[in-house]
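Written out below as structure tokens is the structure these notes cover.
The values are calculated or read from the model by the stated rules, or taken from the named source; none is laboratory data. Computed from a predicted structure; not experimentally measured. Here Cβ is always computed from backbone atoms with ideal geometry, including for glycine, and neighbour counts include all displayed protein chains.
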Amino acid sequence: MHSHGVEIQMENEPSSGSGPQPGSQQDSQPGNVPPLTDLATLINNLDQDRAWLLEQIDRGRWPELRLDLAALERELGQLLVRAGERLEGDGRRI
């Protein structure tokens with residue numbers, strides 16, 4: 001994404017849950033892989049954030065960044081679909 005020298009203030013942002021944060025005690029062990037349920041929750045939270053971003057774009061917010069934000073939203077959507085498919089392949093449903 002290209003920087004246009006515009007500071008974005010995020011109002012009415014969706015909450016992304018209160019799961020473990022990077023650097024937390026649970027995440028500090030080397031080779032510690034989060035449980036699949038935490039990954040499913042993360043994917044769902046990111047998808048909610050993606051949907052919120054799309055809604056903001058559709059409402060005309062940040063017109064000078066519309067093309068970059070739309071590209072970001074599409075890429076994030078594709079990434080989340082692939083991640084969800086991988087989790088399903090591991091025997092878990094999101």
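On the basis of being over 11 Å from the mean Cα position of the chain (by Cα), modelled with pLDDT of 75 or more and surrounded by 11 or more Cβ atoms within 10 Å (Cβ to Cβ), does R61 make the cut? In short, yes. Take L36 and tell me if it is aliphatic (A, V, I, L, M) and modelled with pLDDT of 95 or more. No: the conditions fail for L36. Looking at L54, is it at pLDDT below 95 and either in contact with a Lys or Arg (Cβ under 7 Å, 6 or more places away or on another chain) or at negative phi (or both)? No; evaluated as a whole, the condition is false for this residue. Screening G23 with (1) modelled with pLDDT under 95; (2) assigned to a helix (DSSP H, G or I); (3) farther than 23 Å from G84 by Cα gives one miss only, at (2).
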